[in-house]
1. May I ask you to list the residues in segment A:394-421 that are in a loop (DSSP other than H, G, I, E, B) and within 19 Å of A:Tyr174 (Cβ to Cβ)?
2. Pull up segment B:220-260, narrow it to residues that are closer than 30 Å to B:His363 by Cα, among the hydrophobic types (A, V, I, L, M, F, W, C) and surrounded by 13 or more Cβ atoms within 10 Å (Cβ to Cβ), then point me to the one that is modelled with the lowest pLDDT.
3. Does any residue of segment A:105-121 turn out to be surrounded by fewer than 19 Cβ atoms within 10 Å (Cβ to Cβ), under 22 Å from B:Glu9 (Cα atoms) and at the interface with chain B (Cβ under 10 Å from one of its Cβ atoms)?
4. Taking segment B:13-30 as the region of interest, how many residues are buried (at least 20 other Cβ atoms within 10 Å of the Cβ), in a loop (DSSP other than H, G, I, E, B) and touching a strand residue (DSSP E or B) at 6+ places or on another chain (Cβ under 7 Å)?
5. Please identify the pairs in which a residue from segment B:359-387 that is closer than 25 Å to B:Gly271 by Cα and in contact (Cβ under 8 Å) with a residue 12 or more places away in the chain has its Cβ atom under 6 Å from the Cβ atom of a residue that is of a type outside the set (A, V, I, L, M, F, W, C) and assigned to a helix (DSSP H, G or I), counting only partners at least 6 apart or on another chain.
6. Within segment A:425-444, which residues are out of contact with any Phe, Trp or Tyr (no Cβ under 7 Å at 6 or more places or on another chain) and either buried (at least 20 other Cβ atoms within 10 Å of the Cβ) or under 24 Å from A:Ser198 (Cβ atoms) (or both)?
7. Being out of contact with any Cys (no Cβ under 7 Å at 6 or more places or on another chain) and more than 24 Å from A:Gly107 (Cβ to Cβ) is the filter here; which residues of segment B:18-56 pass it?
Protein chains: 2
Amino acid sequence: MKLDKLIGERYKEKPADAMIDSHALMVRGGYIKQVAGGIFSSYTILRRITQKIERIIREEMDAIDGQEVLFPVVMPASLWQESGRYESVGKELLRFTDRNDTPMVLGMTHEEASVQLVKEYGQTYTKYPFMIYQIQTKFRDEARPRAGLIRVREFTMKDAYSFHTSHEDLEAYYERCYHAYERIFRRAGLPEVISVASDSGMMGGKVAHEFILLTPVGEDTIVTCGACDYRANMEAAENIVINAESSRLEPLEKVRTPGAKTIEEVCGYLGIPVEKACKAVVYQKAATGGYVVVCLRGDLEANETKIRNYLRDEIYPAAITGESGLAAGFLGPINLSGAEILFDSSLKGTGGLCCGANEDEFHYTGFQIGRDIGEVEYHDLAKVIEGGLCPKCGHPALIISRGIEVGNIFQLGDKYANAMNMRYTDESGVMRCPTMGCYGIGVGRLAASVCEAHHDQYGPIWPMSIAPWQVQICCVRADDVKVREFADELYGKLQKEGIEVIYDDRIVSAGVMFSDADLLGVPVRVIVSPRNMKDDCCEIVTRDKTVSRKAKLGEVVSSVMELVKTMNNIQ
Amino acid sequence: MKLDKLIGERYKEKPADAMIDSHALMVRGGYIKQVAGGIFSSYTILRRITQKIERIIREEMDAIDGQEVLFPVVMPASLWQESGRYESVGKELLRFTDRNDTPMVLGMTHEEASVQLVKEYGQTYTKYPFMIYQIQTKFRDEARPRAGLIRVREFTMKDAYSFHTSHEDLEAYYERCYHAYERIFRRAGLPEVISVASDSGMMGGKVAHEFILLTPVGEDTIVTCGACDYRANMEAAENIVINAESSRLEPLEKVRTPGAKTIEEVCGYLGIPVEKACKAVVYQKAATGGYVVVCLRGDLEANETKIRNYLRDEIYPAAITGESGLAAGFLGPINLSGAEILFDSSLKGTGGLCCGANEDEFHYTGFQIGRDIGEVEYHDLAKVIEGGLCPKCGHPALIISRGIEVGNIFQLGDKYANAMNMRYTDESGVMRCPTMGCYGIGVGRLAASVCEAHHDQYGPIWPMSIAPWQVQICCVRADDVKVREFADELYGKLQKEGIEVIYDDRIVSAGVMFSDADLLGVPVRVIVSPRNMKDDCCEIVTRDKTVSRKAKLGEVVSSVMELVKTMNNIQ
């Protein structure tokens, strides 16, 4: 098509609210327009990209025997009540009532809908395994949508659900899907995506992986090992702490710590390193409001996901009231009442600790758990730290990075099928509950991630496989008859050969033309200009600057086609 | 794919709630599953059909220079407040609040979103005309969803919006789109769709057409002329009534009509035909609650759309209270107070009428409007009737039919652009408001309409262009080695030739196999069976029964390919 007719405006200015490059470039290039916080319309240029991503996803899902279906965006609350998630999921699940006052929800994921759809089909073991998927609009009422298409409220997602008669079969299929995901990201131009073990969160189940594009602007915290191939996200990364046996037992002493409340203040006042403190972090359970005090080594942070999983309950940071009997800022495990107390593994083998005395302005020193309060159970409840011990190879080589989650896969187990009473008859006529996996990819987020990974200061550098067009013709000086004639002809010829061409024949300066082309990010650019024509040639350059050559006029078409083919094969 | 692996159940029983055949067959054939009233999930078989429909629509929209975009499903109420529709549209617009208590709506149409998207792009006349479209999920909170996919609450729709600098340009583009719609319906296998002039309803604007599949199970009432090509829907059809001049003036008399309230009762009691009655129908205005009495000839029905358009106000049938001062059942134009009064054209030239006396148990006879209450204005406010006068050719040849609306196109005018303050600079530097058209097609409803138009008692008869698969192989007696070998090979060969094949190699009776095939409605069926194999041939039959022949084993592939090609060309 002609660029002049492409709907959408391009801007020089970086939008004020854009914190990351992909957001800024997608606004500047006329890819998206915000309609409300975290809600965007897509212009044609982005729709062309997402359609190509969707095609890649469909091909790979079909290749692993997926069958495309379509679930509704609006679902009755009753479906989510069956699984228990209507109550357990927070405000990100948008709840409302229809004209008959029936409670409804906007789909943010479709486990319930998938079980509802295949409940009758999956009544005998012979039907298994099977997988269904859809590409559909979802809504998640995020508290803080940000970063353009990276964290939005409304988004297009491919979500897939597989059903199995055994855990082994689920695992085998999970593996197939894992590899399909690797192919999808590679084909979409993001071979650098890595997979990390993840926590399954509200989804239920045990084994889960996230597919992550490592980038400093990512929202997820990723733990990798510099010495082996260990990879997990922060929620799931096991924290290993080995404390040197404390050789000398210090006596327990209560000391006054005037004005010192934080771990740093107390340790500073007492002149000890923070590792010698027993930090106490307080949460409340969402269901009962009951207090939970988590004790861990002073240099570590609590991992709320781990605490949540251990308690099997939703928690939130506590609001300590006067009636609670808790001495905020001076909490410690000795003589603590009014709260459940948990000990992180990082306290195992410690001694000579400082800890709160549950009394305003007082701490203990010389605290040794076993001696002073008896043996306790230790659980992994803390976040790992940079340079921490790798749970796989044992080396102190953990690296903490940031990343964008572009996909995730979960072994759900029977949580949904069981809650919704889905059953099949096995070989021996026994009724059993199937086990499930689920597999998600956000289409718009993937497009934005490709842009985030592949751009320069002038615009996105789209890979050939998902580029909005394969070739851009820049007709510099379209008012020159010879130039225009050749460019027009080239446009026709390339299209005839099945090449997707965007043709810029506007009468604008070469500067405007090239900066617009940079924002469109089309992989191959052909420059037709009076100077080139005089030399009987065109310039052919790639957006990533790896190719820049002149081709004789008679060879431009074949040269471009060859280049497009080569660039397609790279992926 | 193998039928054995196709997800979805097929049933013999007609579902109790299915009032029309397409609904029953789509449930019985495993095409859809209800999730809530008017909300369905689609199985793979329907998804394959709708994807083909979507492809046809995309091709035709692109062919008239449409650019595909994507608007959000969830929009801020503020966008709909700008156009005024947040207040004017009824409960079918689903309103709710998000987690921050911001009022939001679910998109049922996207005029506002389209203006928001192109407001900056369309600032100079050189950009015009242009058209954007999307294929996206919509939600319309229908009071009475019914008839399967014909009237649902959630649906996938193609909606398009065009922008123009003159009414002439809009009309020219409207014409192009009109023809694109004809091509879409023809290509999707519904050449019998007709266009009718329609009322533009809540959309604003004047000229509008609906594309209608005539069928007794349709919800829309369509008026056609048996003598010319006049076509309109009931809302828009002009009602022409010519009353013979009443030669003799009867005196106005007040008569007691004990117990007679309806027109039929009163006329029966008085021994006069209903055409000699002046019927009074009462409405209330939605905004003020004020009463409106519409007077029309006793044999006609009021057309609420016409009344609404005349009043430029929403109305609903009145609830007559004691305080209103209106004598329910005895209303008439003489000495009526407490209500606005409108006269339908059907009363023009009448005399000797009976009408209510605005007093319980009393009517007038001999009523003649001009003489008894003075000259009044007449407006077209009634529905046309079967055999009525055609407004185009004047013959008493109007035919009233039922139909399903499968698409609609509207000349919107500047209603939205103006309300949302969209402006462009024209050639002479003057700021002007663009004019718009909008163009919709419901994808699921189109699929259901094709089924409604093309089915028999055993199942749908899908046209080749949108069929879920092109060919079905029925391997009767798959336990016979020779039969299976040939069928397996045929399956491979046809797929290799690019034919979409569904392969039934289940070990089930021929009866089960054929009735399942009928429900799938695949256009070409190849039957491989021991009996056929003995004759060294296969049976090739079409679902519509127009072809039934035997082909030698060596010629099956070429014969099937030829047939698929021919059937593709028919459309």
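1. Step one: list which residues in segment A:394-421 are in a loop (DSSP other than H, G, I, E, B), which gives A:394-397, A:414, A:420-421.
Within segment A:394-421, A:Asp414 is the sole residue that qualifies.
2. Residue satisfying both the conditions and the ranking: B:Ala260.
3. yes
4. 1
5. Matching pairs, first to second residue: B:Ala382/B:Ser346.
6. Of segment A:425-444, the ones out of contact with any Phe, Trp or Tyr (no Cβ under 7 Å at 6 or more places or on another chain) are A:428-431, A:433, A:435, A:439-441, A:443.
Across segment A:425-444, the qualifying residues are A:Thr435, A:Tyr439, A:Gly440, A:Ile441, A:Val443.
7. Step one: filter segment B:18-56 for residues out of contact with any Cys (no Cβ under 7 Å at 6 or more places or on another chain), giving B:18-21, B:23-24, B:27-56.
B:Ala18, B:Met19, B:Ile20, B:Asp21, B:Ala24, B:Arg28, B:Gly29, B:Lys52, B:Arg55, B:Ile56 - these are the residues of segment B:18-56 that are out of contact with any Cys (no Cβ under 7 Å at 6 or more places or on another chain) and more than 24 Å from A:Gly107 (Cβ to Cβ).
Residue-wise test of (1) facing chain A (nearest Cβ under 10 Å); (2) of a type outside the set (S, T, N, Q).
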position: B:Lys138; (1), (2): yes, yes
position: B:Arg146; (1), (2): no, yes
position: B:Val152; (1), (2): yes, yes
position: B:Thr156; (1), (2): yes, no
position: B:Ala180; (1), (2): no, yes
position: B:Leu190; (1), (2): no, yes
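The values are calculated or read from the model by the stated rules, or taken from the named source; none is laboratory data. Bear in mind the structure is a predicted one, so any value in this text is a computation, not a measurement. Neighbour counts are summed over all protein chains in view; Cβ atoms, including those assigned to glycine, are modelled from backbone coordinates with ideal geometry.
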